[in-house]
Amino acid sequence: MQADPTESLTTPTILIVDDSPGSLDTLGGILTDAGYRLRKITSGEMAIASVQAAPPDLILLDINLSGMSGYETCQQLKQNRSTRQLPIIFISALHEPGDKVRAFSSGAVDYVTKPFQAEEVLARVAIHLRLNALQRRLESQNRELERLATTDPLTGILNRRSFTDYGLHYRAQAKRYGTPFSLILFDIDGFKSINDEYGHDVGDKVLVVVTKRIREQLRSVDLFARWGGEEFIVLTPETSVESAARLAERLRQCLFARPIEPAGFITASFGVATEEMDESFDNLVRRADHA
C-alpha cells in the first residue's frame with residue numbers, strides 16, 4: 001500500500017522508536033518503499049527530544065527500550081500539550097492482553113504484535129494518519145466557526161454578542177476584586193451621508209480604517225467591538241470615569257488626525273460611563289449610549 005499523496009500537501013513523516021537495529025531496518029524499508037519520510041530513534045529520551053524539536057505525523061514505538069520504556073515515553077508525550085495529539089502505535093513482541101491494555105491506557109491509538117506483517121503495519125499507519133488529518137481539519141473548522149460566531153466579518157473585532165459575553169465576565173471580575181471598569185461607546189458622525197455620496201465600498205473602508213486606528217490606541221486587556229452599523233464600543237478594565245474620558249478624547253483625536261480618502265476627515269461622537277453599585281451591564285451600556 002503506497003502513501004496517497006492526495007491526502008496531504010506534504011509527505012507524512014513517521015518516527016520509529018526501537019533499540020533493535022533489525023526492527024529499525026525492517027520497518028524503515030517497509031515505510032520508505034510505501035513513500036513515507038522516516039526518522040529513526042533508539043531510545044525514549046531521544047524520541048521525546050526529537051518530537052519536541054520537530055513533531056512527526058505518527059510514531060511507531062517499541063515497548064522494551066533501554067532506559068525509558070515505551071509506556072513512559074508515550075505517557076510523557078501525551079502529557080505535553082504540544083505533542084498530545086500525535087498518534088502513537090505500539091509495535092512490540094509483548095502479546096499478553098495486559099500489555100495491550102497498558103499500551104492503550106498510556107495513550108496509544110493502536111497496537112501491532114511482532115513479528116508483524118508489512119501489509120498490516122501499512123494499513124494501520126494509513127488509517128491513523130488519515131484519522132489524525134481528519135481530526136486536525138475538524139478542529140480547524142471548529143475554530144473558524146467559533147471565530148465567525150464571535151467576530152465582526154468586516155472589521156475582525158468582536159461582535160455585539162461576544163462583547164456582551166466577555167463584558168459580563170469582566171463585570172463579575174471587577175465586582176469580585178472591587179475594581180472599576182468603564183465603557184466608551186461611539187458612533188461615526190454622518191456615516192449615512194458617506195454611504196450615500198461615495199457608496200458602500202467607501203463606507204466599509206471607513207469602518208475598517210476607524211477600527212485599525214482605535215485598536216492602535218487600546219491596551220491588550222481592553223475589549224473592542226462593533227456594536228452595530230457605524231457604532232463601536234470599548235470596555236476598559238480598572239479604569240475610572242476620568243481616565244476613560246481622557247481615553248475617549250485621545251480616540252477622538254486619532255480618528256480626526258488624518259483624512260480617510262475620499263470621505264475626508266472623520267469625526268465621531270463619544271459617550272463614557274463607569275459601572276455604579278449593583279448596576280446591570282445592560283444599564284451601563286444604555287448610560288454610555290445616552291452620554
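The values are calculated or read from the model by the stated rules, or taken from the named source; none is laboratory data. Computed from a prediction, not measured in an experiment: that's the story for all the values here. All Cβ positions, even for glycine, are placed from backbone atoms using ideal geometry, and neighbour counts span all protein chains on display. Ligands, DNA and RNA are stripped out before the accessible areas are found, and what is left, the full protein with its side chains, is counted by its heavy atoms. Shrake-Rupley method; radii C 1.70, N 1.55, O 1.52, S 1.80 Å.
Count of segment 223-242 residues, restricted to those that are surrounded by fewer than 19 Cβ atoms within 10 Å (Cβ to Cβ) and in a loop (DSSP other than H, G, I, E, B), is 3.
Taken over segment 262-280, residues that are farther than 12 Å from LYS175 by Cα and in contact with a Phe, Trp or Tyr (Cβ under 9 Å, 6 or more places away or on another chain) amount to 10. Filtered by the rule that a residue be of a type in the set (Ser, Thr, Tyr) and open to solvent by 20 Å² or more (accessible area, probe 1.4 Å), segment 37-54 gives THR42, SER50. Modelled with pLDDT of 90 or more, open to solvent by less than 30 Å² (accessible area, probe 1.4 Å) and among the aliphatic types (A, V, I, L, M): is that true of ALA108 in this structure? Considered against the rule, which asks whether it is modelled with pLDDT of 90 or more, open to solvent by less than 30 Å² (accessible area, probe 1.4 Å) and among the aliphatic types (A, V, I, L, M), ALA108 comes out as yes. Every test in (1) modelled with pLDDT under 95; (2) within 26 Å of the chain's Cα centre (by Cα); (3) surrounded by 13 or more Cβ atoms within 10 Å (Cβ to Cβ) is passed by ALA245 save one, and that test is (2).
Looking at segment 59-103, which of its residues are of a type outside the set (Ser, Thr, Tyr), over 24 Å from ARG136 (Cβ atoms), in contact (Cβ under 8 Å) with a residue 24 or more places away in the chain and surrounded by 14 or more Cβ atoms within 10 Å (Cβ to Cβ)? Result: ASP62, ILE63, LEU65, MET68, GLY70, GLU72, ALA93, LEU94, ASP99, ARG102. Quick check, is LEU207 touching a residue at least 24 places away in the same chain (Cβ under 8 Å), under 17 Å from LEU168 (Cα atoms), open to solvent by less than 50 Å² (accessible area, probe 1.4 Å) and of a type outside the set (Lys, Arg)? Against the criterion (touching a residue at least 24 places away in the same chain (Cβ under 8 Å), under 17 Å from LEU168 (Cα atoms), open to solvent by less than 50 Å² (accessible area, probe 1.4 Å) and of a type outside the set (Lys, Arg)), LEU207 does not qualify. Scanning segment 258-291 for residues that are hydrophobic (A, V, I, L, M, F, W, C), touching a helix residue (DSSP H, G or I) at 6+ places or on another chain (Cβ under 8 Å) and open to solvent by 40 Å² or more (accessible area, probe 1.4 Å) yields a total of 2.
Within segment 67-107, restricting attention to residues that are among the charged types (D, E, K, R) and outside any loop (DSSP other than H, G, I, E, B), the residue that is farthest from the chain's Cα centre (by Cα) is ASP99.
Which members of segment 37-47 meet the condition of being over 20 Å from PHE104 (Cβ atoms) and in contact with a helix residue (DSSP H, G or I) (Cβ under 7 Å, 6 or more places away or on another chain)?
LEU38, ARG39, LYS40, ILE41
Cβ-Cβ distances below 6 Å connect the following pairs, each with a first residue in segment 104-128 that is over 19 Å from ARG37 (Cβ atoms), a second residue that is open to solvent by 40 Å² or more (accessible area, probe 1.4 Å), and a separation of six or more residues or different chains: SER106/GLN75; GLY107/LYS78; ASP110/ARG124; TYR111/LYS100; THR113/HIS95; LYS114/ALA93. Look at (1) of a type in the set (Phe, Trp, Tyr); (2) modelled with pLDDT under 90; (3) open to solvent by less than 30 Å² (accessible area, probe 1.4 Å) and you find that PHE191 fails only one, number (2). Please determine whether any residue of segment 161-183 is more than 28 Å from the chain's Cα centre (by Cα) and either modelled with pLDDT of 95 or more or under 29 Å from PRO262 (Cα atoms) (or both). Checking segment 161-183: not a single residue is more than 28 Å from the chain's Cα centre (by Cα) and either modelled with pLDDT of 95 or more or under 29 Å from PRO262 (Cα atoms) (or both).
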